[in-house]
Amino acid sequence: PETILEGFGPEIVALVNQLRRLVLETLPDATEAGYPGWRAVAFRHPVAGYICGAFPSDEAVKFLFEQGVHLHDPAGILQGSTKQTRYVLLRPEQPVPEASVTALILEAVAYGEARRASRKSRNRE
């Protein structure tokens, strides 16, 4: 993951590192990996699979949820219009809405676990 952050300003690096800490504190079982082709730091859960990733740019970080369209967003922080993903746009000059992001992380795991359980159930039939 550190290789992904090379070349970004200290504010962006600090923001990505804050997100990394938040994910790993929320999901101690999660693993993180750097994806140079995507220029992202991504997080996988052992049961739910790929959950989310931090995609830094020079001015902001998109914190993307793989199944974002299925997540409840009472705080209204998710953006994007694809059929699957949604993201939270985070800028260094604004505080990270940690409680809302944590709730999204936990819901993403619950959704991923339920989705996998459903697949297993269908495959047994």
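The values are calculated or read from the model by the stated rules, or taken from the named source; none is laboratory data. Because the structure is predicted, anything quoted here is derived from the model rather than measured. Heads up, the Cβs are rebuilt from the backbone with ideal geometry, glycines too, and the neighbour counts pull from every protein chain shown. SASA here: full protein model, heavy atoms, side chains in, ligands and nucleic acids out. Shrake-Rupley method; radii C 1.70, N 1.55, O 1.52, S 1.80 Å.
A compact table of results
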| read-out | value |
| --- | --- |
| Cα gyration tensor shape for the chain, rounded if a/c is under 1.5, else prolate or oblate | prolate |
| Integer Hz, Karplus 6.51/-1.76/1.60 couplings in order for segment 82-89, x for Gly and Pro | 7, 7, 9, 8, 9, 9, 9, 8 |
| The chain, dipole about Cα centre (Lys/Arg Cβ +1, Asp/Glu Cβ -1), debye to the nearest 20 | 740 |
| Probe 1.4 Å - accessible area at ARG119, Å² to nearest ten | 100 |
| Prolate/oblate/rounded label for segment 1-49 (Cα gyration tensor, a/c 1.5) | oblate |
| Karplus 3J(HN,Hα) series, Hz, for segment 98-113 with 6.51 cos²θ - 1.76 cosθ + 1.60 (x for Gly, Pro) | 4, 5, 5, 5, 4, 4, 5, 4, 5, 5, 4, 5, 4, 5, x, 5 |
| Shape category assigned to segment 34-96 from the gyration tensor of Cα positions, a/c cut at 1.5 | oblate |
| Principal-axis tilt of helix 10-26 within the chain, Cα atoms, nearest 10 degrees | 30 |
| Potential lengthening between GLU98 and GLU25 on full extension [0.36 nm per residue; Cα-Cα distance subtracted] | 25.1 nm |
| Estimated 222 nm signal from helices in the chain, with DSSP H stretches of n ≥ 4 weighted -39500 (n - 2.57), rounded to 500 | -12500 deg cm²/dmol |
